[in-house]
1. I'd like the full set of residues that are assigned to a loop (DSSP other than H, G, I, E, B) and under 13 Å from the mean Cα position of the chain (by Cα), limited to the range 189-212.
2. Kindly evaluate Gly151 against the criterion of being touching a residue at least 60 places away in the same chain (Cβ under 8 Å), out of contact with any strand residue (DSSP E or B) (no Cβ under 8 Å at 6 or more places or on another chain) and more than 28 Å from Asp82 (Cβ to Cβ).
3. Could you check the range 16-32 and list, in sequence order, the residues that are in contact with a Gly (Cβ under 9 Å, 6 or more places away or on another chain) and within 16 Å of Asp222 (Cβ to Cβ)?
4. Any idea which residue in the range 93-109 is farthest from Met171 (Cα to Cα), counting only those that are crowded, with 16+ Cβ neighbours inside 10 Å and either touching a Gly at 6+ places or on another chain (Cβ under 6 Å) or modelled with pLDDT under 85 (or both)?
5. Within the range 133-163, track down each residue that is assigned to a helix (DSSP H, G or I) and either surrounded by 23 or more Cβ atoms within 10 Å (Cβ to Cβ) or within 16 Å of the chain's Cα centre (by Cα) (or both).
6. Select from the range 18-56 the residues that are charged (D, E, K, R) and crowded, with 22+ Cβ neighbours inside 10 Å and list them in ascending order.
7. Of (1) surrounded by fewer than 19 Cβ atoms within 10 Å (Cβ to Cβ); (2) over 30 Å from Thr47 (Cα atoms); (3) modelled with pLDDT of 90 or more, Arg114 satisfies all except one. Which?
8. So, of the residues in the range 78-92 that are at pLDDT 85 or above and of a type in the set (Lys, Arg), which turns out to be farthest from Gly68 (Cα to Cα)?
Amino acid sequence: MPPDQNTPKSVNAIETNDLSVTLSRLPILRSISVEVAQGEAVALMGTNGSGKTTLVRALLKLIPFQRGSIRLFGTDLGQFKDWARIGYVPQRAEIQYPQARVSEVISTGLLARRQLFRPRTRSQSAQIKAALEQVGMADRVNYPYRRLSSGQQQRVLIARALVSQAELLIMDEPLAGVDLDSQAQLAEILAGLKRDGNTMLIVLHETGPLEPMLDRQIVLRDGRVLPSSIPVQAAPHGHETSPRAANPLLPGILDRRH
């Protein structure tokens with residue numbers, strides 16, 4: 001979804017200044033200052049334990065930070081309310097829908113715009129169809145989610161993030177566990193979303209087929225941002241602990257309490 005025409009172009013989608021996070025008395029993020037402009041596709045890279053997931057959790061208001069600031073679309077995190085503008089795409093392993101159909105999975109992404117337990121309106125059903133069309137899955141609207149391939153499941157999770165007409169997509173390892181052909185399909189879909197004006201922050205271990213669409217990389221090591229001129233060695237595929245804690249301001253973005 002293209003950025004709101006009423007939003008000044010100079011306002012960054014994400015901006016942190018001197019951000020520091022300590023968990024269980026251990027410093028995890030150390031003076032992180034980063035910016036992601038509207039319309040950019042930025043890779044958040046680093047080995048396991050570098051602080052990538054902690055930064056994502058802080059951006060989504062799932063954990064507190066002890067110093068610094070976070071601004072989303074120019075608004076301080078403490079005052080930010082319009083969570084429907086942000087779509088979170090977790091790792092597939094973090095999302096379990098054993099009995100749900102594709103349309104039901106995607107409808108959870110509408111919870112930021114509708115009340116829980118209310119039936120979907122005709123307009124919301126149209127939004128689900130449109131989101132599926134964006135990822136080339138319109139013919140699977142009533143298909144059981146668990147019977148989809150790994151690549152198809154990932155496309156459904158992207159549609160789930162898009163259904164609220166989100167402008168900023170935050171994705172956690174969208175290529176993990178996905179075969180090469182599906183990776184290429186996902187790269188094409190994400191490149192199309194970028195052309196449409198979406199902003200993306202994508203957690204990656206290696207850029208792979210996404211490299212041509214990326215504007216730049218933010219590389220973390222030991223909780224600090226490396227200068228962009230320093231290359232990072234690709235790490236084996238793995239994952240840090242993904243955000244699961246529930247946030248009352250983010251219905252539909254996260255599904256499980258932990």
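The values are calculated or read from the model by the stated rules, or taken from the named source; none is laboratory data. Small disclaimer: the values here were computed from a predicted structure and weren't measured. Cβ placement follows ideal geometry from the backbone for every residue including glycine, while neighbour counts extend to all protein chains displayed.
1. Pass one, the range 189-212, residues assigned to a loop (DSSP other than H, G, I, E, B): 196-198, 205-207.
Passing the criteria: only Asn198.
2. no
3. Leu19, Ser20, Val21, Pro27, Ile28, Leu29, Arg30, Ser31, Ile32
4. Tyr97
5. Those that are assigned to a helix (DSSP H, G or I) and either surrounded by 23 or more Cβ atoms within 10 Å (Cβ to Cβ) or within 16 Å of the chain's Cα centre (by Cα) (or both): Gln153, Gln154, Arg155, Val156, Leu157, Ile158, Ala159, Arg160, Ala161, Leu162.
6. Filtering the range 18-56 for residues charged (D, E, K, R) gives 18, 25, 30, 35, 40, 52.
Residue satisfying the conditions is Lys52 alone.
7. Against the list (1) surrounded by fewer than 19 Cβ atoms within 10 Å (Cβ to Cβ); (2) over 30 Å from Thr47 (Cα atoms); (3) modelled with pLDDT of 90 or more, Arg114 comes up short only on (3).
8. Arg85
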